[in-house]
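Working notes, beginning with the structure itself.
The values are calculated or read from the model by the stated rules, or taken from the named source; none is laboratory data. Quick caveat: nothing in here was measured; it's all calculated off a predicted structure. Cβ coordinates were reconstructed from backbone atoms using ideal geometry, including for glycine residues, and neighbour counts include every protein chain displayed.
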Amino acid sequence: MVQLQSVALLLAALCWRASGDCGCNKLDREASAKSTEEPMQQVCQQRPKQNNKQYRDYYGELELEPEIEGMSLIPGGSQHIGTDEPLFKADREAPERLVKLQDFYLDKLEVSNAQFAKFVEATNYTTEAEKFGDSFLFKTLLTDAEQKDLEDYRVASALWWFKVKGVSWRKPHGINSNLKGLEQHPVVHVSWRDAVAYCTWQGKRLPSEAEWEVACRGGKQRKLFPWGNKLMPKDKHWLNIWQGEFPDGNTADDGYQFTCPVTKFRQNNYDLYNMVGNVWEWTADLWQADDTSETPNRVKKGGSYMCHKSYCYRYRCAARSQNTEDSSAGNLGFRCAKNG
């Protein structure tokens, strides 16, 4: 029996290496029964909008639309999204295509724990993780003893993910954790439906995938990241991702072992922070346009603090992934959009 378990673990590891994935897209509640049942600092110089070339070129001498507090106006028009050089073909990153968008607003920051707490207090909202009684937690947030006790509740194809009872947005790092010191970190363990409820309360909505990607590119064409193609211009960290060996050796060279505050890492001239890295972000779009199931997959963008080029190079504007809309995890959050 021990030998069979060892072989299973080895095969799982080999499959992960071959697929180049941190397993974030496998955190779906319906497919996550017991595993035994299944084989920095601000890095862009902030400039006033009226001095921003992208805005100036787009609007000319016309008066700009009024600002909405905490949001950036993203110019619409015809914009390219996707890529003709996909790194993960199964993720449907290709082909590059032209989309036409109206002007829209996007939150400059990911929704924080403090903001979500105000929503819950005002509406008495209960998240899906709280209703289900559990959520997915990354292994390094668990002690060795806890990992041993919960080994039957690992995701079979991503053994570093555990389904843990009692974990929710209120207790993001485990059942004995709380939000002290994390008030300005992104809210996590929120499902797509939770995100929609919050945005609706704010009089906003989730961005479409196309809107999210256009905003991510910051007016640039065919760039990997919101600021360009180089990961570390001026040898500085521009985002919160994994450094070191996954899944046990995050050196946190960017200053953060897990999530970072939503106010860190300004990434482009649209004054947007943490578009890539930190936490995955829900979008409004279905992964499969004709999916009419009760819990369809929704597109998420941006990668998270768990991403690294060697295995999960999804902190690029064109990268994408998916989860069922009732899924939640410790590296999945969102931001809101609004019509221009």
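For (1) closer than 19 Å to Leu27 by Cα; (2) of a type outside the set (Phe, Trp, Tyr), each residue gets a yes or a no:
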site: Ala215; (1), (2): no, yes
site: His237; (1), (2): no, yes
site: Phe246; (1), (2): yes, no
site: Asp271; (1), (2): no, yes
site: Asp290; (1), (2): no, yes
site: Ser293; (1), (2): yes, yes
site: Ala318; (1), (2): no, yes
Those helices (runs of 4 or more DSSP H) lying entirely in segment 88-151 with at least 2 residues out of contact with any Pro (no Cβ under 9 Å at 6 or more places or on another chain), under 26 Å from Gln202 (Cβ atoms) and at pLDDT 95 or above
113-123, 128-132
All but one of (1) of a type in the set (Asp, Glu); (2) under 25 Å from Gln257 (Cβ atoms); (3) under 21 Å from the mean Cα position of the chain (by Cα) hold for Glu151, so report the exception by its number.
(3)
So, in segment 233-274, exactly how many residues are among the hydroxyl-bearing types (Ser, Thr, Tyr), under 28 Å from Met71 (Cβ atoms) and surrounded by fewer than 19 Cβ atoms within 10 Å (Cβ to Cβ)?
1
Might you let me know whether segment 199-215 holds any residue that is within 19 Å of Val299 (Cβ to Cβ), touching a Lys or Arg at 6+ places or on another chain (Cβ under 8 Å) and in a loop (DSSP other than H, G, I, E, B)?
yes
Which one of the conditions (1) surrounded by fewer than 23 Cβ atoms within 10 Å (Cβ to Cβ); (2) over 18 Å from the mean Cα position of the chain (by Cα) does Phe162 fail to meet, given that it meets all the rest?
(1)
Taking the conditions exactly as written (in contact with a Leu (Cβ under 6 Å, 6 or more places away or on another chain), buried (at least 17 other Cβ atoms within 10 Å of the Cβ), farther than 13 Å from Ala318 by Cα and not aliphatic (A, V, I, L, M)), does Cys199 satisfy them or not?
yes
Within segment 55-76, residues modelled with pLDDT under 95, in contact with a helix residue (DSSP H, G or I) (Cβ under 7 Å, 6 or more places away or on another chain) and not hydrophobic (A, V, I, L, M, F, W, C) come out as Tyr55
What are the residues in segment 82-100 that are closer than 30 Å to Ile68 by Cα and either surrounded by 19 or more Cβ atoms within 10 Å (Cβ to Cβ) or in contact with a Leu (Cβ under 8 Å, 6 or more places away or on another chain) (or both), if any?
Gly82
